[in-house]
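Asker: Mind having a look at this structure? Questions to follow.
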Amino acid sequence: MQLQRLLNEQPTQLSFDWRQLVMLGLNGPLKRTQPAFNRFNRRQPYRLELPGQTHVTTRQLYVFVDESGSMTDTEVAQLLNQLQQLLKRYQESIIVIPFDATVHTDQRQRIHTGAQLNLNRAAGGGTAYQPIFDWLAEQRLQDQQAVVLILTDGHGESNRINNHGFTNVIWGLITSPAELSVTQPIGKVTTVYL
């Protein structure tokens, strides 16, 4: 009887940190090595003139932050605080771009640390996700070059998005993944724990 009850139980869904998902996307199959003089060469550790190696990601992280009217100021601030936590793990620069119904490239920031992040709100209209993918196509970005993280509440257009062949997308929602308005979203959908 107890065995049958254990077999009938549904396995609980594993929850993971969304920042790990971003790191997995960045450390994809393509990595390049660069010499590092602060590391020993593993093959010849006694020869100090030979540098060691470190692995460097080959993908650029683009973070699109939803600053539409459906997002409150505290929600946007909490998303940006989560982004600062990501920067503690990630050693390279990221590009942060606010969006609402359009992508605000004039407010684009390339940052290396959380202290450089501009916390002022730049947008405030409706929400549309198609301009993000149109902008990626204009920049001629491909999956091997970039990872896109969309931080949003999920309330936007409900039609299918033309991704222009770009699939390396992570949807970070402040709501449950079921509330994402896009039908058949491209990439992975996860919850950003606020």
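Asker: In segment 111-132, is there at least one residue being aromatic (F, W, Y) and part of a helix (DSSP H, G or I)?
Answerer: Quick first cut of segment 111-132, residues aromatic (F, W, Y) only: 129.
Right, trim to part of a helix (DSSP H, G or I) and you get none.
No, segment 111-132 contains no residue that is aromatic (F, W, Y) and part of a helix (DSSP H, G or I).
Asker: Return the pair list, or none, for Cβ contacts closer than 6 Å from residues in segment 163-187 that are at positive phi to residues that are open to solvent by less than 50 Å² (accessible area, probe 1.4 Å) and part of a strand (DSSP E or B), at least 6 apart or on different chains.
Answerer: Pairs found: G187/V169; G187/I170.
Asker: Here is a further query. Restricting to segment 39-78, give me the number of residues that are open to solvent by less than 10 Å² (accessible area, probe 1.4 Å) and either under 16 Å from Q116 (Cβ atoms) or modelled with pLDDT under 80 (or both).
Answerer: Total satisfying the criteria: 3.
Asker: Same structure again: Considering only residues that are of a type in the set (S, T, Y) and outside any loop (DSSP other than H, G, I, E, B), which ones fall in segment 38-54? Step through it out loud before you land on a result.
Answerer: Within segment 38-54, the subset of a type in the set (S, T, Y) is 46, 54.
Residue satisfying the conditions is T54 alone.
Asker: Only one of (1) open to solvent by 30 Å² or more (accessible area, probe 1.4 Å); (2) in a loop (DSSP other than H, G, I, E, B) fails for I161. Which number is that?
Answerer: (1)
Asker: Something else about it: Which ones in segment 123-154 are open to solvent by 40 Å² or more (accessible area, probe 1.4 Å), at pLDDT below 90 and within 18 Å of P98 (Cβ to Cβ)?
Answerer: G124, G126 - these are the residues of segment 123-154 that are open to solvent by 40 Å² or more (accessible area, probe 1.4 Å), at pLDDT below 90 and within 18 Å of P98 (Cβ to Cβ).
The values are calculated or read from the model by the stated rules, or taken from the named source; none is laboratory data. Note that this is a predicted model, so its numbers are computed, not measured. In this analysis, Cβ positions are derived from the backbone assuming ideal geometry, glycine residues included, and neighbour counts consider all displayed protein chains. The area values use the complete protein model at the heavy-atom level, side chains included, leaving out ligands, DNA and RNA. Shrake-Rupley method; radii C 1.70, N 1.55, O 1.52, S 1.80 Å.
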